[in-house]
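Structure record follows, encoded as structure tokens.
The values are calculated or read from the model by the stated rules, or taken from the named source; none is laboratory data. Just so it is clear, the model here is predicted, and its values are computed rather than measured. Every residue, glycine as well, gets a Cβ built from its backbone with ideal geometry; the counts of neighbours run over all protein chains shown. These accessible areas exclude ligands, DNA and RNA; they are computed on the full protein's heavy atoms, side chains included. Shrake-Rupley method; radii C 1.70, N 1.55, O 1.52, S 1.80 Å.
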Amino acid sequence: MTKIYIAGHRGMVGGAIVRRLQARKDAGEVLDLVTRTHAELDLTNQQAVHDFMQAERPDVVILAAAKVGGIHANNTYPADFIYENLMIESNVIHQSFTAGVERLLQLGSSCIYPRAVDQPMREDALLTGVLEPTNEPYAIAKIAGIKLCESYNRQHGTDYRSVMPTNLYGPGDNFHPENSHVLPALIRRFHEAAQTGAEVVTIWGSGKPMREFLHVDDMAAASLFVLELPKDVYEANTQPMLSHINVGSGTDVTILELAHLIAKATGFTGRISTDTGRADGTMRKLMDVRRLARMGWTAKISLEAGIMETYEWFKSQKDFRA
Ligand SMILES: NC(=O)C1=CN([C@@H]2O[C@H](COP(=O)(O)OP(=O)(O)OC[C@H]3O[C@@H](n4cnc5c(N)ncnc54)[C@H](OP(=O)(O)O)[C@@H]3O)[C@@H](O)[C@H]2O)C=CC1
Ligand SMILES: C[C@H]1O[C@H](OP(=O)(O)OP(=O)(O)OC[C@H]2O[C@@H](n3cnc4c(=O)[nH]c(N)nc43)[C@H](O)[C@@H]2O)[C@@H](O)[C@@H](O)C1=O
């Protein structure tokens with residue numbers, strides 16, 4: 001039996017990974033899924049993580065717990081973003097090692113790449129330039145996560161892997177009006193405007209930045225795909241000091257195009273205006289996903305279908321984490 005600890009199982013990505021693993025279990029695969037809520041185990045607490053790992057000694061760890069938020073949250077709470085993420089990664093990765101965990105997958109983010117970098121962004125663009133200031137502290141923590149995994153692999157022979165997701169969305173997302181990412185924020189804003197018959201919806205920034213969106217079920221599938229690649233295949237496609245793998249859909253849209261898609265999905269027929277007093281952030285961050293495609297994985301869920309499904313999920317929730 002394989003014992004898998006999924007850190008962050010109540011989050012959007014961790015939840016999707018658990019759903020996928022549970023379906024495999026229901027189909028007869030022998031898996032022991034270990035989870036703890038944030039209240040049960042604070043991953044920033046070194047002693048608590050040590051005690052948990054020693055008691056459970058999982059075979060595999062999936063690190064999907066993190067301090068996560070959109071452009072405004074990153075820019076407003078930079079200390080929380082760098083401190084909590086560095087602590088979570090250090091504790092989970094180091095204590096996995098001390099408990100003898102051989103296989104681990106951690107999730108980073110596309111914001112690890114320099115803000116002015118050739119598009120689409122290849123894995124080897126890491127550490128070649130200056131980061132986007134609105135999320136630099138978070139990005140530094142995510143880069144540290146990659147380097148932690150690589151360092152344990154080089155010094156101790158572990159098999160700790162990293163995936164770098166593009167902007168994600170889907171059921172289980174955070175729909176907070178200020179602290180969430182753009183896609184859930186706009187679903188909520190356009191929904192409320194459609195319900196109240198408002199004439200105008202304002203989106204942050206110029207509407208010109210481009211973003212690539214990936215449905216969380218695709219992300220969960222990609223995460224397990226990378227985790228389960230044979231070691232020789234993973235190593236043949238990566239390098240010891242450049243070991244992360246991009247995950248994305250391969251196409252991007254402007255924020256204004258996204259707003260029109262969401263307006264259509266929610267039935268909003270009014271005007272869309274922009275607020276240039278709000279930050280645009282990086283103007284483009286499209287992932288180069290050829291490394292993952294070469295190994296056999298590509299995204300399946302279109303943005304239009306994903307938005308419709310997420311909107312249906314949003315409407316089904318009484319309390320959408322706001
Ligand atoms: N969402 C996105 O667009 C993107 C996400 N990612 C990465 O994917 C991963 C998953 O993100 P996502 O699912 O969206 O995030 P969520 O915020 O939905 O989930 C994160 C989970 O981590 C838990 N958590 C946070 N801090 C702690 C802590 N100190 N101790 C224990 N648990 C904790 C949260 O619990 P609680 O809510 O109780 O605090 C929550 O369940 C993260 O590494 C993120 O950086 C990367 C790129 C884009
Ligand atoms: C996943 C990723 O997420 C963050 O980076 P980001 O891509 O800039 O994230 P975002 O989704 O918040 O914004 C995307 C764009 O959309 C515009 N925008 C319009 N209207 C709203 C709006 O209402 N809310 C938000 N949040 N953005 C809006 C916004 O101005 C920006 O131009 C980082 O935390 C980073 O660390 C990270 O990893």
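Of everything in region 198-224, what is among the small types (Gly, Ala, Ser), within 14 Å of ligand 2 (Cβ to nearest atom) and within 23 Å of the chain's Cα centre (by Cα)? Give them in sequence order. Reasoning before the result, please.
Initially, region 198-224 is screened for residues among the small types (Gly, Ala, Ser), giving 198, 205-207, 220-223.
Applying the additional criterion that residues be within 14 Å of ligand 2 (Cβ to nearest atom) yields 205-207.
GLY205, GLY207 - these are the residues of region 198-224 that are among the small types (Gly, Ala, Ser), within 14 Å of ligand 2 (Cβ to nearest atom) and within 23 Å of the chain's Cα centre (by Cα).
Based on what the data block shows, is GLU136 within 14 Å of ligand 2 (Cβ to nearest atom), over 22 Å from the mean Cα position of the chain (by Cα) and modelled with pLDDT of 95 or more? Break it down into steps so the answer makes sense when it comes.
On the way: within 14 Å of ligand 2 (Cβ to nearest atom): yes; over 22 Å from the mean Cα position of the chain (by Cα): no; modelled with pLDDT of 95 or more: yes.
So GLU136 does not fit the description; no.
I'm trying to understand the selection: among the residues of region 43-60, which are in a loop (DSSP other than H, G, I, E, B), in contact with a helix residue (DSSP H, G or I) (Cβ under 6 Å, 6 or more places away or on another chain) and surrounded by fewer than 15 Cβ atoms within 10 Å (Cβ to Cβ)? Across region 43-60, there are no qualifying residues.
Among residues belonging to region 1-40 that are in a loop (DSSP other than H, G, I, E, B) and within 16 Å of ligand 2 (Cβ to nearest atom), point out the one that is surrounded by the fewest Cβ atoms within 10 Å (Cβ to Cβ). First the steps, then the outcome.
Residues of region 1-40 in a loop (DSSP other than H, G, I, E, B): 1, 8-11, 27-30, 35-40.
With within 16 Å of ligand 2 (Cβ to nearest atom) added as a condition, the list becomes 8, 11.
Numbers: GLY8: 25, GLY11: 23.
Among those that are in a loop (DSSP other than H, G, I, E, B) and within 16 Å of ligand 2 (Cβ to nearest atom), it is GLY11.
Can you find even one residue in region 216-235 that is open to solvent by less than 60 Å² (accessible area, probe 1.4 Å), part of a loop (DSSP other than H, G, I, E, B) and aliphatic (A, V, I, L, M)? Among the residues of region 216-235, at least one is open to solvent by less than 60 Å² (accessible area, probe 1.4 Å), part of a loop (DSSP other than H, G, I, E, B) and aliphatic (A, V, I, L, M), which makes the answer yes.
How many residues does region 78-88 hold that are open to solvent by 10 Å² or more (accessible area, probe 1.4 Å) and in contact (Cβ under 8 Å) with a residue 40 or more places away in the chain?
Within region 78-88, the first condition is being open to solvent by 10 Å² or more (accessible area, probe 1.4 Å), and the residues that meet it are 78-80, 82-84, 86-88.
Still in the list and also in contact (Cβ under 8 Å) with a residue 40 or more places away in the chain: 78-79, 82, 84, 86-88.
Total meeting the criteria: 7.
Please work out which residue is nearest to ligand 2 (Cβ to nearest atom), limiting yourself to region 104-122 and to residues that are more than 20 Å from ASN85 (Cα to Cα) and open to solvent by 10 Å² or more (accessible area, probe 1.4 Å). Explain how you work it out, then say what you get.
Our first condition is that a residue be more than 20 Å from ASN85 (Cα to Cα); within region 104-122, this holds for 115-122.
In the following step, the residues that additionally are open to solvent by 10 Å² or more (accessible area, probe 1.4 Å) were identified as 115-120, 122.
Numbers: ARG115: 10, ALA116: 15, VAL117: 15, ASP118: 18, GLN119: 14, PRO120: 15, ARG122: 18 Å.
Among those that are more than 20 Å from ASN85 (Cα to Cα) and open to solvent by 10 Å² or more (accessible area, probe 1.4 Å), it is ARG115.
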